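The block underneath contains the structure these notes are about, expressed in structure tokens.
Please treat every number below as a calculation from the coordinates, not as lab data. In this text, all values refer to a predicted model and were calculated from it rather than measured experimentally. Note: ideal-geometry Cβ built from the backbone for every residue, glycine included; neighbour counts use all protein chains shown.
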Protein chains: 4
Amino acid sequence: MLKVSLIGATGYAGEELLKILLLHNEVEITYIAAKVDGPKAISEIFQALKGRLDLVCDNFDPDKASSSADLFFLALPHRVSMSMAPALIKAGKKVIDLSADYRLKDPGVYKKFYGVEHTDSPNLKSSVYGLPELYRKVIKGAQLIANPGCYPTSVILGLSPLLKAGCIEDHGIIVDSKSGVSGAGRCPSPSLHFPEVNESFKAYKIGVHQHAPEMEQELSAASGRDAKIIFVPHLLPINRGILSTMYVRLKKAMSTKDILGVLKGSYGNEPFVRVLDEGVYPEIKYVANTNYCDIGAAAVDGGEAAVIVSSIDNLVKGASGQAVQNMNIMNGFDEKEGLC
Amino acid sequence: MLKVSLIGATGYAGEELLKILLLHNEVEITYIAAKVDGPKAISEIFQALKGRLDLVCDNFDPDKASSSADLFFLALPHRVSMSMAPALIKAGKKVIDLSADYRLKDPGVYKKFYGVEHTDSPNLKSSVYGLPELYRKVIKGAQLIANPGCYPTSVILGLSPLLKAGCIEDHGIIVDSKSGVSGAGRCPSPSLHFPEVNESFKAYKIGVHQHAPEMEQELSAASGRDAKIIFVPHLLPINRGILSTMYVRLKKAMSTKDILGVLKGSYGNEPFVRVLDEGVYPEIKYVANTNYCDIGAAAVDGGEAAVIVSSIDNLVKGASGQAVQNMNIMNGFDEKEGLC
Amino acid sequence: MLKVSLIGATGYAGEELLKILLLHNEVEITYIAAKVDGPKAISEIFQALKGRLDLVCDNFDPDKASSSADLFFLALPHRVSMSMAPALIKAGKKVIDLSADYRLKDPGVYKKFYGVEHTDSPNLKSSVYGLPELYRKVIKGAQLIANPGCYPTSVILGLSPLLKAGCIEDHGIIVDSKSGVSGAGRCPSPSLHFPEVNESFKAYKIGVHQHAPEMEQELSAASGRDAKIIFVPHLLPINRGILSTMYVRLKKAMSTKDILGVLKGSYGNEPFVRVLDEGVYPEIKYVANTNYCDIGAAAVDGGEAAVIVSSIDNLVKGASGQAVQNMNIMNGFDEKEGLC
Amino acid sequence: MLKVSLIGATGYAGEELLKILLLHNEVEITYIAAKVDGPKAISEIFQALKGRLDLVCDNFDPDKASSSADLFFLALPHRVSMSMAPALIKAGKKVIDLSADYRLKDPGVYKKFYGVEHTDSPNLKSSVYGLPELYRKVIKGAQLIANPGCYPTSVILGLSPLLKAGCIEDHGIIVDSKSGVSGAGRCPSPSLHFPEVNESFKAYKIGVHQHAPEMEQELSAASGRDAKIIFVPHLLPINRGILSTMYVRLKKAMSTKDILGVLKGSYGNEPFVRVLDEGVYPEIKYVANTNYCDIGAAAVDGGEAAVIVSSIDNLVKGASGQAVQNMNIMNGFDEKEGLC
């Protein structure tokens, strides 16, 4: 049994990760920590875990951590991860970081979108972007994984094969994404108060969301040239799930079947990507509580443009499930172990 | 046009009250105040009011208030109301208080449930409990109205006629109430964070909710003897609306028709109470955004017990709509003016 | 008091219209009809109307209708309206049709999207598209109003001023719209069953929705040339409200302030359009249950593109509220009467 | 690997059961059937199963069924189960019936509440009520399990220990239950149309629900005398979960601690019942998607009465999860296998 630890246990991604790990046959959770007032049973923090996980959550203790586990999940706020990861890496531990700290290869872009200097360039360089469908081989040998953001996972999986195949224009890509509220975290605020979200819907951070550069980095890698997107996130009055509707110009006319052919060709053997048939589009309910990414597509405008729709559960494929998928790959486990 | 003012404008009841008053043909909103950091357009606080109400909300200024309006609605936290009402009363203003401060006639009970000494006994004595269906005549001549609580409105309207008629046992009354989230106010907290409420449901404050003594006071008045209830409130994952399911023992066997007969006899001419026919029960959607209280009933247990179901919108009949209904009565307006 | 009638009273738009008309000071509802099994009190069909409207709903009777009212609202299925309107028009009645039957000026396009030949060309020619912000003057003198669709209202109001001003490219306009479920009507179906919609989200009818040609007709009129859109509607798990996110290419670079300036210039005096300030975007909750259309905008992509966001209540500004606004204009009433 | 089959695969309980069985390490799903127009991939019926279960669903074929599997889950409508079970029983198969057909030991009561004569008395007699916490030992050796109803599971688990211990009056027990919409099945109807349920709440079938006699049968068995309840179910605007609030009179005064003591004593070793601490009450979110039943309690009315609150997921502990728990017991598997 692999000994695993979760640092930053008190958010929604942390809770989801613990639930997944509890069902995983190859690991044992040996140590959990978070910024807390004092030691507290994790089942008091997450009443759903009562009777399922008998661990105490306390403030991070580097020595205890190091002696307890071999692989660490960091579900910490951005900026905090890069202050904790170096010591774990140095101690030879494997680290899967769910924050944004190791996702952007350019520290200048990181500073622009997260407001602080990047403080761990050495590990930033060697970290691997943990999207298995794109980077499975390097993930296998990596020590530090930058687990992708939720919006980027849905978007990159939907667009990469088409960019790689050179089918679509890499400028002016429109990404209209909609996310459930757990994506905004577990911290109460006026804008996330129940009556403010329920029965409503809104766009936010138009053109300035911090996930845009992460998408552009990976879409550029797929394209081989600078890709540019216009990204507008929206807040759905549901707990979990993301659906991204993407609008692209085709370099030459394609049918819906052609487009789906490119996607199916790319994802034919993927355990967690399902390319849907013509006329069928993703719905959040079909991927909620699973690690799947569903993708549908339609040619429009006489075949000169296409609409790509993708959907994931932001807490699973968009965070904790993908983290476990990465762990499975890194450790030679069945890639589907613990996941559905 | 009657000049009216709202003190405590920044909560959900305040917002609802402003919306109702804007549609009222006999009043003009002349002054609004609330505890704020500085003057702010009310349409910035409530974006829904943009273009509809062009007033600035600032901290309460007694002189400005007094010179601006003749009737004051107080939508203040409990304990704050009784510190503000006396001066307004002294200045000859009419006051409709939406807090609990003047609802409980016994200051000892007030202290027990609200945690502080009552500081305004004189006005407590002369205040009138603003449930028009029970106290219309005294409301007409009152200067200070204690606007009823939301849960109590739904419960008292459902049970009073049966207690008055002596049909039901006044001890061991079970009140199982369910409320939408706006009843808990506009202040964010972990337990009202969207993903914590959505797709869930819970009981809370079992046997210790501060609305229980208010119900018992009025049910005792109806019964002529001490009435005792067991009250369990629950939190519904919706924005607005209360449904109360009440279980009573009948003194002698009655049919559903008999029970409905007592209720219809009592509320035959009421503009805002609808007693439903046999086999039809209230649903929150039918009273949401209205000032109605719907009541249904069924005899059970061979006619020895009855289930009474009542439903209101907690922000309208349970707060701001009832406040306007009281204002209409106090000022000789059509009782339905501004309400639906 | 103007005598008004509603034909097709049993859908959500019909229910909403009755509620609005009940609060309107200048009209009296004198006759209602719908396809029913037999006469039934409207308050049995819509329990919310109990005690508020005491009319019987029966199958349409042309003679009774004609002798009862002077203005008719038709909230009928597409194709049925054009079979009923001619006789009413001939009898000199004013007609406001909430269906699509008189919206598309080209009968060929109508046939393509609604599947049947148009059977009333004469009235189609003289009918007026009932979007007051664009056609107020002709509405004033019209006898037959084609009340706009819900999606088109949100989209046309957001884009028209920019097309008229020649700021944006009229091809490749992306319209990503999201609607609450009442827009799909009151008829139960597997895909609208509560657990299928709740906590989910999906795109549908990608590139083939029947509202696209209606938008293109009006956007072309604004542009002076053929405008082309890519329209993807989505289903929100809420009862009411539409939010449309529109992506346009700017002919020459503009700032957010510039764009908002064009919109504010166009809608400065409109009673029901609110152009929001820079950095503020529409949210469905702010327009729900009102006749407002809120519009926000942001320049993106270095000022070469823009995102326009608009929001309405699909049952009010997107249907019944707009119908009443049209009635007000046609009859010289205050345009805001009965509306908020 | 045990070969298992599901007959009645197209409802919500069927879908949930398939998802659970897919994660179960000891079974293989070999045959599924349902009333369908023709053979159809199950992943087309439930898009969520795409890529996870590659079976065709066709109409029931007794020979195929018999030769394919050793244990059958019947998720059929009431009345249909008892027409199918006898042949399977005769063929020596184990059967777990999720319908009500074998739950009521008295065929007269069955007829009264389900409207038809019971047609399989022999198996009715030998069937075992599948509530593991009460009947684990007989379940172990049973061939035919009557899997309990969703409401009864929540209620019986909450009250049985207190009745067995003789603490509470067995007449006049009040059961106020609230259920999510999946409990009403997958068939669309006007009252389950999204906008009719969403943002609303109602009581239904007051005093006449078919689950009441099932509860009374088992509560009487616990009490040793006839137990009588007043049962009012309500419809929650959520997908899944039941919370039951029960009001009982205590035979002699007890504290909250006393009551919890009885419950904890009874359920101390149960893998799927969690008795909560004083002051903590169940919330649906903590049991959703799990097989747990959470129970909380409070003494009220000076210790003369008690409120018991219990919560389950109606599709898991209230249906498919409990069915798998029964299968585990019947086959000597780890009782928790496949469940969380």
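The figures follow:
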item: At 7 Å out from Cα toward Cβ: B:Gln143 inter-copy label distances (nm, ascending); result: 6.4, 8.1, 8.6
item: Unsatisfied cross-links (Cα-Cα over 27 Å) in the set C:Lys35/C:Lys317; B:Lys19/C:Lys164; D:Lys19/D:Lys140; result: B:Lys19/C:Lys164
item: Leading residue at positive end of dipole, chain A (Cβ point charges), from A:Asn314, A:Asn326, A:Tyr292; result: A:Asn326
item: Hydrodynamic radius by Kirkwood, which averages 1/r over all alpha carbon pairs of the protein assembly as shown, in angstrom; result: 33.2 Å
item: Translational diffusion coefficient (Stokes-Einstein; Kirkwood radius from C-alpha pairs) of chain C at 37 °C, 0.692 mPa s, in µm²/s; result: 161 µm²/s
item: Contact order relative to length of region A:39-85, as percent, for alpha carbon pairs under 8 angstrom and 6 or more apart; result: 27 percent
item: Taking region C:151-314 and dividing mean pair separation by its residue count, relative contact order in percent (alpha carbons under 8 Å, at least six apart); result: 30 percent
item: Rel. contact order, % - alpha carbon contacts under 8 angstrom, at least six apart, chain B; result: 17 percent
item: Whole-angstrom gap from region C:290-340 to region D:296-340, using each part's C-alpha centre; result: 51 Å
item: Spatially proximal aspartates and glutamates relative to C:Lys202 (Cα-Cα < 14 Å; intrachain offsets below 8 disregarded); result: A:Asp176, A:Glu283, A:Asp294, A:Asp313, C:Asp176
item: Members of C:Lys264/C:Lys336; B:Lys50/B:Lys105; B:Lys105/D:Lys257 lying beyond 30 Å, as alpha-carbon distances in this model show; result: B:Lys50/B:Lys105; B:Lys105/D:Lys257
item: Part-to-part distance (alpha-carbon centres) for region D:18-40 and region B:260-278, which is given in Å; result: 53 Å
item: GNM flexibility winner over chain B from B:Leu159, B:Leu124, B:Leu22 (Cα, springs under 10 Å); result: B:Leu22
item: Hits among lysines - C-alpha to C-alpha of D:Lys111 under 17 Å, sequence gap 8 or more where chains match; result: D:Lys125
item: Label point at C:Asp226 placed 7 Å out along Cα→Cβ; residues across region C:157-186 whose backbone nitrogen lies under 15 Å; result: C:170-173
item: Estimated dipole of chain A in Debye, rounded to 20 [Cβ of Lys and Arg +1, of Asp and Glu -1, Cα centre]; result: 420 debye
item: Nitroxide proxy distance, nm - points 7 Å out along Cα→Cβ at C:Glu44 and C:Cys187; result: 2.3 nm
item: Too-long pairs where the Cα-Cα distance tops 19 Å, listed order kept, from A:Lys205/A:Lys251; C:Lys64/C:Lys93; A:Lys178/C:Lys178; D:Lys3/D:Lys64; result: A:Lys205/A:Lys251
item: Amide hydrogen neighbours beyond the local backbone of C:Leu2, cut-off 5 Å, H modeled; result: C:Val27, C:Glu28
